[in-house]
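Undergrad: Before we start, here is the structure in question, set down as structure tokens.
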Amino acid sequence: MFAILYIVSYFIITRYKRKADEQEDEDATVNRVSLFLSTFTLAVSAGAVLLLPFSIISNEILLSFPKSYYIQWLNGSLIHGLWNLVSLFSNLCLFVLMPFAFFFLESEGFAGLKKGIKARILETVVMLILLALLIFGIVWVASALIDNSSASMESLYDLWEYYLPYLYSCISLMGCLLLLLCTPVGLSRMFTVMGQLLVKPTILEDLDEQMYIISLQEEALQRKLNGGTSSVENHTKKIENDLMNAKNMKSKLERRKNASAWERNLVYPAVMILLLTVTSFSVILVSCNILRLLVDETAMPKGSKGPGIGNASLFTFGFAGAVLEIILIFYLMVSSVVGFYSLRFFGSFTPRKDDTTMTTIIGNCVSILVLSSALPVMSRTLGITRFDLLGDFGRFNWLGNFYIVVTYNLIFAVVTTLCLVRKFTSAVREELLKAIGLNKLHLSNEPSDSASTNGHQKTL
């Protein structure tokens, strides 16, 4: 399974990686090592995403075929081992492999030493040691400030049993907070993304007229560019950009015109209704989980002990309920990734085909690793799944804090609802601003939604 994930991750990264020269020099070797480490990290991220679905399906299969000889290998020991391995590899990638890949990529060797791979490895190791001391000091001081008891101070000296799990607990909390920021944005952004991939219905539109207008604009821009009426370089670049936009708009209109009636009038509404249903269902589940947390202590993600793997089903509808829960978990992960790249702060991280530097790829791999490692924790915290966190994932300290868990659920439900309301009322707000005359104040910060990606203005 991991070999398949590694191969798929390698093809994904090489699709976006900037094509370098094929010379067998020192920089090529460094880039190759960083590529392999990034591929390994991305494969571990995919394994973290598959943890919950694989465990849920395994539990239902063991219930359906309890005495089958062919599935005796699928047991609780194997699933616990997978959770522990993913946790171990996540720590290894996050604290060792990815910092090593970054520093190795940026290293040049200490001054006075002979240049080469060995000098760059030496500098990278020294930087890793300094980084480890820095992180150790920061977390140690933060722990001493938060809990100043003697038992807590003594436990900090236990590096393997306490300090590293505590550090990873802090990282998991940061990942869950990042998911809390990205997922609601991604859930509302998914409607725009699907609108770009699908063909919208043509209601009260004349595609032939729009094609004719955009063709005239393209011809006018082409004549202006070929005529060379202005020698200013910025003006020429503006014309080239306008011409490129006109060609893209024309291709989208041609796609809409050539699409079948089934694709236009059935697929698009069905997908939008499905997205709205899944998003609303996730908000309902989180709301029910908030009520459950208020009346039942066993609903907390930490401390609850389930019946074990293959002993009891977690769903009322059996295997069908498990499939629906898996679909919802994958949908949340895809939405979180879409929301991550939709945020302005992380917009520069968006990979481009054949034009992404190795440093940007490392940053993307670290971000996806943090999101995917926090996905099982977020799903259990929000009540999306009742499958207990296994291995080191269930040892996080903050999972036992009632106020943190309830606040996390409340923020997710409220922010997701507000994002959906804002998304579906954007057209009404824009028309009201135009009617009042405040549209010139640019109160709406949704330039991408004001015009449809299919080439026509959004109407009320």
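Undergrad: Whenever you get a sec, compute what percent of the accessible area on segment 19-77 sits on carbon and sulfur atoms (1.4 Å probe).
TA: 59 percent
Undergrad: Right, next: When the gyration tensor of segment 67-109 is built from Cα positions, what are the square roots of 5 times its three eigenvalues, in whole Å, from largest to smallest?
TA: 39, 9, 4
Undergrad: Which sequence of R32, R15, R344, R120 reflects their accessible areas, 1.4 Å probe, from the largest down?
TA: From most accessible down to least: R344, R15, R32, R120.
Undergrad: Here is a further query. With a 1.4 Å probe and all protein chains kept in place, how do F104, F424 rank by accessible area, largest first?
TA: Of F104, F424, the descending order of accessible area is F424, F104.
The values are calculated or read from the model by the stated rules, or taken from the named source; none is laboratory data. Predicted, not measured: the structure shown is a model, and the values here were computed from it. The area values use the complete protein model at the heavy-atom level, side chains included, leaving out ligands, DNA and RNA. Shrake-Rupley method; radii C 1.70, N 1.55, O 1.52, S 1.80 Å.
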